[in-house]
Structures are given as structure tokens and as C-alpha cells.
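Data first, discussion second: the structure below is written as C-alpha cells.
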Amino acid sequence: MMDRETVCFFRSILFIPATRPDRYIKALMSEADVACVDLEDAVAPGEKEAAREKVVDFFKAETSNSIQRALRINHLASEQGLRDMLLILKMEPLPDIVMIPKVESSEEIAWFNEVMTSLEHPVRLIPLVETTKGLENAIKIAMAPNVVAIGFGSADYSSEVRGDMSWDSLLYARGRIAQAAGHANIAAIDGPWLDLGDDRGLLEDTQKITALGFTGKIALHPGQLRGIHRGVSPSEETLRQAQKIVNAYRANRGGVLVVDGRMVDIPVVERAQRLINLANRK
């Protein structure tokens with residue numbers, strides 16, 4: 001099992017269709033924290049096997065940066081998901097992260113981990129919660145072994161509850177995902193902003209999910225990365241205030257104190273330190 005204290009808080013995960021090897025290098029050289037090649041929704045049913053043959057090259061490609069490489073597989077309870085797991089068992093090198101769609105229980109994660117026990121190292125996992133049943137079990141899913149982040153599949157969830165994808169409609173589900181991630185001390189990753197031409201909407205949505213507790217967002221195009229990174233990053237004024245709080249707390253050697261007329265205790269200091277850490281990960 002992995003140490004949750006070493007988990008990274010990903011700002012962005014850039015998706016690339018497994019059937020587009022011409023985009024592999026561009027994605028790997030992007031500013032994304034994670035580049036994820038997709039075997040699920042981005043690949044038509046009749047192209048799955050050909051995609052598996054191509055996807056191996058994504059993980060073998062040599063680049064000069066340290067971007068993490070992920071693989072989104074198909075639903076574990078499907079034939080395609082089983083074939084994807086067999087592929088992982090034979091892969092060299094292995095993905096840094098495997099994203100599992102439509103996870104509804106921690107038992108699914110346990111089963112995946114059991115299948116992968118022959119590997120030299122455990123595979124880090126990001127389960128995607130995309131159904132009402134998955135949302136009910138979000139905390140148990142987030143706490144499952146080898147899970148480093150929990151993602152929210154907003155489009156599939158909205159379809160199941162017969163709602164739209166407005167902020168108000170998704171607020172309850174997003175709150176549950178953020179709660180699960182906080183309880184498990186892992187990252188919370190929001191679903192993508194679907195309007196590729198609406199940079200302002202992307203920025204505003206990212207700022208809102210960050211205020212809610214999310215640490216990152218899925219990107220469908222490299223052009224969305226700048227807006228996502230800007231949206232999850234604290235402003236210069238926020239950082240100055242955070243550093244002031246941390247410095248004052250250290251000078252006070254703990255305890256409750258007042259900074260600029262506002263009471264500061266341990267939870268406030270911890271949040272300030274998280275903001276500083278986030279800025280230093282740029």
C-alpha cells in the first residue's frame with residue numbers, strides 16, 4: 001500500500017485519445033501535470049484492440065520533462081476492461097497512474113489491486129465517480145488502497161440524475177467528492193470544461209471548484225491548461241497573506257493569534273501552508 005502523505009495534488013490531467021499517436025509527444029511535452037491516454041470514451045468499440053497496440057508507445061516515448069503518464073481503461077466489469085487489465089500486466093514500462101471509470105464501490109478497487117499483485121510495484125489509481133451509487137460510496141472508494149486521487153465524471157452523473165451541467169446542479173455531487181478526498185487526504189479532480197472556446201468560463205469554473213476543495217481538473221485540449229493552472233493557483237495577494245499568517249504563527253510559537261484583525265488558529269495556518277505548497281509546485 002502507498003503512503004498517502006506522499007500523494008501529489010495534480011492541477012491538470014490532459015486527455016489524449018489512444019487512437020491518436022500523432023498527439024502523444026505533443027501531450028507529453030505540454031505543461032500538464034499528468035498526460036492521460038484514453039482507452040475508454042475516446043475510442044470507438046471497434047477500435048479498442050488497435051488502440052491497445054498503439055498505446056504502449058505512449059509510455060515508451062522518451063521526453064526531457066518529468067510529466068506523469070496515465071492510462072484510462074474501460075469499466076472493470078466489461079470485457080474491454082478485462083482486456084485492458086491484461087494489457088497492463090504485460091506493459092513495460094507501466095503507467096504512473098491508472099484511471100478507472102465508473103467506479104461504484106471500494107471492492108472494485110480491491111479486485112483491481114488483487115489482479116495486479118504480480119507486478120513489482122503497486123499501481124497508483126484514480127477512480128472516477130460517475131454514478132449515484134459511486135457517489136454514495138465515495139468515501140470508501142477514496143480510502144481504498146493505492147488510490148491517490150478521486151475524480152468526478154460530471155457528464156455521466158448529470159445524465160443519470162437527469163440534470164443539466166450547471167454549477168448549481170452539480171454542487172451537491174462535487175461537495176461529496178471534495179469531502180471524500182479531504183477525508184482520505186488525497187487529491188480531488190474535477191471533470192472537464194466541455195466548451196473548448198470558452199476560456200473565461202473555464203477559468204471561473206476552475207476557481208469555483210478550487211474554492212470548494214478540488215485540487216485539479218481534467219483538460220480536453222492543451223489550450224485549456226493555462227486557464228486550469230491559473231484557476232487552481234492562489235493570487236499573489238492571497239499568497240502574501242498566507243505567508244504572513246505562517247510567519248506570524250511561527251513567531252508566536254503556536255497558539256491562537258490575531259493577524260490583520262482576524263483570528264488565526266491551526267486550521268487557518270494549515271490552509272495557508274497548503275496554498276504556499278501549491279504555489280511552490282508550479
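Pick out the one residue from A173, A178, A138, A144 that is over 15 Å from E104 (Cα atoms) and in the same structural domain as L203 (by TED's automatic domain parsing). Testing whether each residue is over 15 Å from E104 (Cα atoms) and in the same structural domain as L203 (by TED's automatic domain parsing) leaves just A178.
Selection of region 78-94 for residues being in contact with a Lys or Arg (Cβ under 6 Å, 6 or more places away or on another chain) and either more than 22 Å from D156 (Cβ to Cβ) or modelled with pLDDT under 95 (or both) yields only L87.
When we screen T238, T206 for residues that are within 30 Å of L28 (Cα to Cα), touching a helix residue (DSSP H, G or I) at 6+ places or on another chain (Cβ under 9 Å), of a type in the set (S, T, N, Q) and not in a loop (DSSP other than H, G, I, E, B), the only hit is T206.
Out of contact with any Ser or Thr (no Cβ under 9 Å at 6 or more places or on another chain), under 23 Å from I97 (Cα atoms) and without any contact (Cβ under 8 Å) to a residue 12 or more places away in the chain: which single residue out of N280, N247, N252 fits that description? Let's see the steps before the verdict.
Numbers: N247 fails: under 23 Å from I97 (Cα atoms); N252 fails: under 23 Å from I97 (Cα atoms).
Criteria check complete, one pass: N280.
Looking at G216, G227 in this structure, which one is crowded, with 19+ Cβ neighbours inside 10 Å, in contact (Cβ under 8 Å) with a residue 60 or more places away in the chain and among the small types (G, A, S)?
Numbers: G227 fails: in contact (Cβ under 8 Å) with a residue 60 or more places away in the chain.
Selected residue: G216, the only one of G216, G227 that is crowded, with 19+ Cβ neighbours inside 10 Å, in contact (Cβ under 8 Å) with a residue 60 or more places away in the chain and among the small types (G, A, S).
For region 102-117, a tally of residues being free of Cβ contacts under 8 Å to residues at least 24 places away in the same chain and either outside any helix (DSSP H, G or I) or hydroxyl-bearing (S, T, Y) (or both) returns 1.
The values are calculated or read from the model by the stated rules, or taken from the named source; none is laboratory data. The structure presented is a predicted model; accordingly, all values stated were derived computationally and were not measured. Ideal geometry is used to build each Cβ from the backbone, glycine not excepted, and the neighbour counts take in all protein chains shown.
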